[in-house]
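The values are calculated or read from the model by the stated rules, or taken from the named source; none is laboratory data. Being a predicted model, the structure only gives us computed values, none of them experimental. Positions of Cβ are backbone-derived with ideal geometry, glycine not excepted, and every protein chain shown enters the neighbour counts.
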């Protein structure tokens, strides 16, 4: 069965510092991978997704993620974090078709001055 | 930009009571979903709905749960007799079509507290 692991429950970074949020997945075939962000009181907003092709995908708000099949990873990165990036980040895997997403437990990002 | 809306944002109920959580998906979307997140745990799939019927459901979605699209715009989740363990954030999502590259768009969630 597919699963997603986000090893870091909570990360704190300084504003302007770089960020990497880790995501590992378990899935038998080619996965479709997503990162969502949830700000307080908001829904889950899609940051980026990977279906095929270039393994480095660009998303909104300056985020990017790299799919590494050999490591079963899809880590999210941002070169310079802004205070408004403080939120909960969810990695998800979605098999083909209309099947539901499988989420990780999320990583809460705090940004300090 | 169109978005999924959910009401209420927070619902408090007594154990054993029925609750209905409401969602208005994006208007041209065809697939609808409910997920939930118990505090501190993963977002979990409950049910998907297409063409006025359930297309898939998880083991969580037992006989206490039901979904309905009563009027072509709303999509509701009913819990017949709530339990303490139903306390969670419930997310509705919708998707335009069945193609692989379509994205699920999520609402802001309803926090359900069962006392």
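Which condition number does residue A:53 fail, the rest of (1) within 14 Å of chain B (Cβ to nearest Cβ); (2) without any contact (Cβ under 8 Å) to a residue 60 or more places away in the chain; (3) touching a strand residue (DSSP E or B) at 6+ places or on another chain (Cβ under 8 Å) being met?
Exception for residue A:53: condition (3).
Just wondering, is there one or more residues in region A:40-49 that are exposed (fewer than 14 other Cβ atoms within 10 Å of the Cβ) and modelled with pLDDT of 95 or more?
No.
Yes/no per residue for (1) surrounded by fewer than 19 Cβ atoms within 10 Å (Cβ to Cβ); (2) touching a residue at least 12 places away in the same chain (Cβ under 8 Å):
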| residue | (1), (2) |
| --- | --- |
| A:6 | no, yes |
| A:11 | yes, yes |
| A:21 | no, yes |
| A:58 | yes, no |
| A:67 | no, yes |
| A:80 | yes, yes |
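Go through region B:33-69 and count every residue that is out of contact with any strand residue (DSSP E or B) (no Cβ under 7 Å at 6 or more places or on another chain) and either more than 24 Å from residue A:36 (Cβ to Cβ) or part of a strand (DSSP E or B) (or both).
5
Quick one: in region B:18-32, which of the residues that are part of a loop (DSSP other than H, G, I, E, B) and either in contact with a strand residue (DSSP E or B) (Cβ under 8 Å, 6 or more places away or on another chain) or without any contact (Cβ under 8 Å) to a residue 24 or more places away in the chain (or both) is farthest from the other protein chains (Cβ to nearest Cβ)?
Only one residue tops the list, namely B:18.
Give just the number: which of (1) under 17 Å from residue B:109 (Cβ atoms); (2) more than 10 Å from chain A (Cβ to nearest Cβ) does residue B:4 not satisfy?
It fails just one condition, (2).
Quick one: is residue B:75 surrounded by 22 or more Cβ atoms within 10 Å (Cβ to Cβ), more than 10 Å from chain A (Cβ to nearest Cβ) and farther than 17 Å from residue A:103 by Cα?
So residue B:75 fits the description; yes.
Collect the residues in region B:38-68 that are more than 9 Å from chain A (Cβ to nearest Cβ), over 12 Å from the mean Cα position of the chain (by Cα) and under 16 Å from residue B:88 (Cβ atoms), keeping them in residue-number order.
Within region B:38-68, B:38, B:39, B:59, B:60, B:62, B:64 meet the criteria.
Identify the single condition in (1) without any contact (Cβ under 8 Å) to a residue 24 or more places away in the chain; (2) in a loop (DSSP other than H, G, I, E, B); (3) within 14 Å of another protein chain (Cβ to nearest Cβ); (4) over 26 Å from residue B:90 (Cβ atoms) that residue A:29 does not satisfy, given that it satisfies every other one.
Condition (1) is where residue A:29 drops out.
If I filter region A:90-102 for residues that are in contact with a strand residue (DSSP E or B) (Cβ under 6 Å, 6 or more places away or on another chain), modelled with pLDDT of 95 or more, more than 9 Å from chain B (Cβ to nearest Cβ) and surrounded by 17 or more Cβ atoms within 10 Å (Cβ to Cβ), do I get at least one hit?
There is at least one residue in region A:90-102 that is in contact with a strand residue (DSSP E or B) (Cβ under 6 Å, 6 or more places away or on another chain), modelled with pLDDT of 95 or more, more than 9 Å from chain B (Cβ to nearest Cβ) and surrounded by 17 or more Cβ atoms within 10 Å (Cβ to Cβ).
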